[in-house]
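What follows is calculated from the coordinates using simple rules that are stated; it is not laboratory data. From a predicted model like this one, the values you see are computed outputs, not experimental measurements. Every residue, glycine among them, receives a Cβ derived from its backbone with ideal geometry; neighbour counts consider all protein chains shown.
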Amino acid sequence: MSSNTGISPHATSFTHSYATATALAASGSPTDLSASAKAMSTHYLPSLTSFTLGTTTTIASCTEATTGTLSHLQKLVLAGVGTDIRMIRLAVKEISECAAAVFVTWELVVDGLSQVEAEKLGKKARGWRWRNCYGYRRMTRKGEDGEEEEVVVKEGFEYIVSDDEVGELIKRVPKYFEL
């Protein structure tokens, strides 16, 4: 179920914000990696749960999320693939009036050449694509003193399924977790 009303527009807008935060790391500079990690982490709700290839990890706080995200970005730089990560496709499936599953296809662009650009040039891109599923939640309440506006109480991703992301990464960087 997807629509222009309900949770879908909020989930879509929020995910575009997350993609913008992710794109801050594109240069690979330490300052940009740090800014991106911090911005990405503000999109995670406390107790975010990550499901990856049969492993479950719960991130307790924004600080913990920032530290883990920064480490991941730094490892991508060390691995020589960089951090130019672009959102390619987005699909939202409503679960309820306050929850949605968000499917995002990402592309890691290596050496500045995306898959589409490489195809146009008759070349093969070094980067790759993957798809993650994010659990989006948005809780609101009515404004006080008779206000018509809703007040957002809680908004963010409460879970991530990243099997494809990690699977594709370790195909290309087998020793990623040793970095």
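Values as computed for the structure displayed
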item: Peptides 39-45, 69-75 ordered by average Cβ neighbours within 10 Å, highest first; result: 39-45, 69-75
item: As computed over the range 64-127, the Cα convex hull volume per residue (Å³); result: 96
item: Charge dipole (debye, nearest 20) of the range 79-135; +1 at Cβ of Lys and Arg, -1 at Cβ of Asp and Glu; result: 260
item: Per-bin percent of Cα-Cα distances, the chain [10 Å]; result: 10, 34, 36, 15, 4, 1, 0
item: Amide H within-cut-off set for S61, under 5 Å, with H built and near neighbours excluded; result: S47
item: Computed over the range 1-135: relative contact order in percent, which uses C-alpha pairs under 8 Å that are six or more apart; result: 22
item: Nearest-0.05 FRET efficiency for T52 and E119, computed from C-beta distance (R0 25 Å); result: 0.25
item: Taking N as its residue count, the alpha carbon Rg of the range 13-86 over 2.2 N^0.38 Å; result: 1.08
item: Distance between the range 117-179 and the range 46-69 - C-alpha centres, whole angstrom; result: 13
item: The range 110-179 - Debye-derived log10 I(q)/I(0), Cα point model, q = 0.12, 0.16, 0.19, 0.23 Å⁻¹; result: -0.60, -0.76, -0.88, -1.02
